[in-house]
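Written below as structure tokens is the structure these notes are about.
Just so it is clear, none of the values below were taken in a lab; they were calculated from the coordinates. Because the structure is a prediction, the values reported are computed rather than measured. All Cβ positions, glycine included, derive from the backbone under ideal geometry; neighbour counts span all protein chains shown.
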Protein chains: 2
Amino acid sequence: MTIGIDLGGTHLRMGVVDRQGKILARRKIVVGGLRTPKSIVQLISSNFSEIKSHRPRVRWRIGLGVAGIVGEGGIVYSSPHYPQWRNFKVAQKLSQRINIPVVVDNDANMVALGELWQGAGQGWDSFLMITLGTGIGGAIVIDKKVFHGDNGFAGEIGHMVVEAKGPRCACGSRGCWEVFASGSGMEKRGDRNFGRFAYYLGVGLASLVNVTGIQRIIIGGGLVSKSRFYLPAAIREMKRRTYAKTWAGVKIRLAKLGDDAGVLGAARMIL
Amino acid sequence: MTIGIDLGGTHLRMGVVDRQGKILARRKIVVGGLRTPKSIVQLISSNFSEIKSHRPRVRWRIGLGVAGIVGEGGIVYSSPHYPQWRNFKVAQKLSQRINIPVVVDNDANMVALGELWQGAGQGWDSFLMITLGTGIGGAIVIDKKVFHGDNGFAGEIGHMVVEAKGPRCACGSRGCWEVFASGSGMEKRGDRNFGRFAYYLGVGLASLVNVTGIQRIIIGGGLVSKSRFYLPAAIREMKRRTYAKTWAGVKIRLAKLGDDAGVLGAARMIL
């Protein structure tokens, strides 16, 4: 049986998922202040022990999604929510601790896989997953698989530059998409409505479609519930910045699975 | 036997190419003022007849690369150099005229295939091809194949926005990469040296690598011969705007095949 885990900045979500994509049991744990590699491994491991005790005869496997730069072999190079995680081999450490296979990837990739499997991506072969929340996360799905690129972390779309001389970004660059079209970006710039957010969202979406030629897009993340305040204006701006032939094929869907997407995708990754 | 054709804004280049990628014969014809669909089909067809007369017993096939927005089935939706071409089914028309199979794609895709086959892309599975000339052309090669996206024309990287409120672009958008980091962009903005060009080249390269996770890049196009004036500064800017882990894997090569790349790639497309 499979456990999908979504490790966010605030919550650790765990789900027991069957082969059909049904979540048989759920846990949502507040992470709290202890955020070292060791304490998180401990937190997952103790919760796993409890889950295991209810189903003692099952052969378990774990898929884990983490916000951040995640490379091959399940190494977290850096994470915005876990600053102490530097080149942390979380897959290896966790697997050693609980003695079962663990596979790790970036959380936006997991959300994309979840939506592909059970949500808004059903029926689509290729699409761009955009998660709008504190930052902008992204994933590129090609032929029903997450595209990783050479470095293992394709889809760092939040650090596409939309305003070369714009404000500094935490990544060291300037004018990254995430500086404008994210919750933290709005807060930092003191935006009280979604006007600027919508404008830059449209700019970035147009760029992504022009570069990749992928015309199907799923918008997810914490801010998806407020899409009525920004999506219509973003779509208008996007249209202005794409060729008619490209625009004609653009299809945008809202994510369907909410908080379950990451858990389902993490489980799907190892099924 | 295969004929690779590269239809640029000034010249029509044709090459007889064998299976090993050797160009057995070359033609370079000035296109001149007659640029209608009909006159270009005529020009290719008369040159093809001459080539054929030297090798009467051969079964010919033609691959053709055209600058512009080229869709599936060899339709040119629009071309900067051939404004009268609107939704022109060039593959079909040419094939009917000369009675052999013709396959058509975007010229930057052909250059990428050519470099992959015989040039700077040898030994690379995936890379970004950037052609710097009058405009910016691009192609995305994944697992040794050109990635086309849903619309058939992925790699319109010249219309990635790098300065959202920047100057108007011919495409209808504003602040496209091509407005800054291209020959025509420099001319329009009265730039006399490559300072601004280099800066924006670096900005755009960083964005592309962040989005796609593809770290291998080939720089080609007419301006590649001047790369010493802009590439070092562009690379410095690119480094500032990428994660250390991403930057560590970046490899940039200059195109090797010059004007032959398009001809070779066009031939490769149908081999």
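Label-to-label distances for residue A:232 across copies, nearest first, come out at 5.4 nm, using points 7 Å from Cα in the beta-carbon direction.
By DSSP, the beta bridges lying fully in chain A are antiparallel in about 60 percent of cases.
Comparing B:103, B:146, B:58 in a Gaussian network model of chain B where C-alpha atoms under 10 Å apart are linked, the largest mean-square fluctuation is found at B:58. Comparing B:161, B:30, B:41 in a Gaussian network model of chain B, where Cα atoms under 10 Å apart are tied by springs, the biggest mean-square fluctuation is seen for B:30. Taking Lys and Arg as +1 and Asp and Glu as -1, the other residues whose beta-carbon sits under 13 Å from that of residue B:121 total +4. Taken one residue at a time, the phi angles of segment A:146-151 give Karplus couplings (6.51, -1.76, 1.60, θ = phi - 60°) of 5, 8, 9, x, 6, 8 Hz. Gly and Pro are set to x.
The charge dipole of chain A, taken about its Cα centre with unit charges on the Cβ of Lys, Arg, Asp and Glu (plus for the first two, minus for the last two), comes to roughly 380 debye. Averaging the sequence gap over all C-alpha pairs within less than 8 Å and six or more residues apart, then dividing by the number of residues, gives segment B:1-72 a relative contact order of 39 percent. Express in whole angstrom the spacing between the alpha-carbon centres of segment B:225-256 and segment B:83-111. Measuring centre to centre over Cα atoms gives 34 Å.
Other residues within the sphere of radius under 12 Å centred on the Cβ of residue A:217, judged by their own Cβ, net out at +1 (K and R +1, D and E -1).
Basic side chains Lys and Arg get +1 at the Cβ, acidic Asp and Glu get -1 at the Cβ, and with that the dipole of segment A:98-233 about its Cα centre reaches some 560 debye. What separates the residue B:193 label point from its copies, with the point 7 Å along Cα to Cβ, is 4.6 nm, written shortest first. Give me the net charge for the shell around residue B:24: Cβ to Cβ below 12 angstrom, other residues only, Lys and Arg +1, Asp and Glu -1. Its environment carries a net charge of +4. DSSP beta bridges fully contained in the protein assembly as shown are about 60 percent antiparallel. Taking Cα centre as origin and charging only the Cβ of basic (Lys, Arg, +1) and acidic (Asp, Glu, -1) residues, the dipole magnitude of the protein assembly as shown rounds to 0 debye. Residues A:76, B:224 in ascending order of nearby Cβ atoms (within 10 Å, fewest first): B:224, A:76. With label points set 7 Å from Cα along Cα→Cβ, the inter-copy distances at residue B:59 are 5.1 nm, sorted shortest first. Taking amide H positions as modeled 1.01 Å from N, with prolines and chain starts lacking one, the residues under 5 Å from residue B:174 and 5 or more places away or on another chain are B:169.
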